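Read the structure below first, then the notes.
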Amino acid sequence: MRCAELMPKRTVFVVGIMPRSGTNFLHQLLALHPDCGERAEIPEDRLLIPAEHLIAYAGRVANGWREWNVPEVERERLVRSIGDGLLRFLSVGVDKPWVVTKTPSVQNLELFFELFPSARLLILVRDGRAVAESAARTFGWSRSNAMRRWSAAARAIVDFETSHTGEDGGYRIVRYEELVDDFETTLRGVLEWCGLDPERYPFADARKLPLIGSSIHTGGRQEVHWEPVERPPDFARRVPWSSWSRSLQEEFTLVAGDEMRALGYGDADLATPRLIGRLRRLVGAAAFRWNRPGRL
């Protein structure tokens, strides 16, 4: 085996706040760059979701080194070596200098740089109301449950940002809405940040990408599906949650308003909760804790 094959390629992880946040879209866009490839056999890498077991493994190994007073830095090197092995796994069969991979989950986000300190991390966020409505249409989740899942995932991102304040970290938060509304400017910024030459990017092809898995434009079919559908001209202006009742909008403000503001969405169009909304939040939050989902 050649030495070059032992070295992991440069890797960009696209991590969506949760399913239905546009993770596929951003991944598709990056994969169009002539320097980027992907492991087509693995649609979502999901490497971070059980990553606590890898950290625990390294810790148990390092505990066995204590009698020799092995420095803590060796445990950190072991974790990084495990991460390098995972990066090499993602690059198998990829003949481009960059690998792009994705997962629509922020579970164990705080462990990312322990495993992958040299990788680039794009965290994709989207308006929680759009995500909740899309999840309800696609997976049959209740809107209340979906908005609470979004709130918990958003809080994980905010906590991650807080822990990296002041660092020149290898991560960037991308808002789905900016990617749709100001496409070329936003995408150029992402490409430049990743270290990918935007002058070599096929923007014309990117604008023609079809929709895959959209819950608001299904090409005339009743159910959400994963077949490509031509993107309509007015797609950017469609609001998935426009049919929400006032009480549901109030519930969202109470459940996730703080997280929306923390992620930079502001509160201009968030419904101001009335007393009945506050009572609904208390009841809903108690039910969510009782049936709390195992994953964000």
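The values are calculated or read from the model by the stated rules, or taken from the named source; none is laboratory data. Treat the numbers as computed from the prediction; the structure is a model and nothing was measured. Counting neighbours? That spans all protein chains shown, and the Cβs are built from the backbone with ideal geometry, glycine included.
Taken over region 158-177, the criterion of being at pLDDT below 95 and more than 20 Å from Asn108 (Cα to Cα) is satisfied by Gly166, Asp168, Tyr176, Glu177. When you check Glu133 against the structure, is it under 28 Å from Leu87 (Cβ atoms), in a helix (DSSP H, G or I) and not basic (Lys, Arg), yes or no? Answer is no for this residue. From the list Val61, Val92, Val73, Val99, the lone residue that is of a type in the set (A, V, I, L, M), more than 30 Å from Trp141 (Cβ to Cβ) and free of Cβ contacts under 8 Å to residues at least 12 places away in the same chain is Val73. Here the condition is being loosely packed, with under 15 Cβ neighbours inside 10 Å and closer than 24 Å to Ile157 by Cβ; of Glu41, Glu52, it holds for Glu52 alone. State the number of residues belonging to region 53-77 that are closer than 21 Å to Leu109 by Cβ and under 27 Å from the mean Cα position of the chain (by Cα). Residues that pass the stated criteria total 7. Taking each residue of region 7-30 that is at pLDDT 95 or above and looking for partners that are polar (S, T, N, Q) and outside any strand (DSSP E or B) with beta-carbon atoms closer than 6 Å, six or more apart or interchain, yields Val14/Thr23; Gly16/Thr23. Filter region 102-161 for residues that are crowded, with 20+ Cβ neighbours inside 10 Å and on the phi > 0 side of the Ramachandran plot and give the result. Within region 102-161, just Asn108 meets the criteria. When residues in region 259-273 are screened for being touching a residue at least 60 places away in the same chain (Cβ under 8 Å) and in contact with a Ser or Thr (Cβ under 7 Å, 6 or more places away or on another chain), 1 of them pass.
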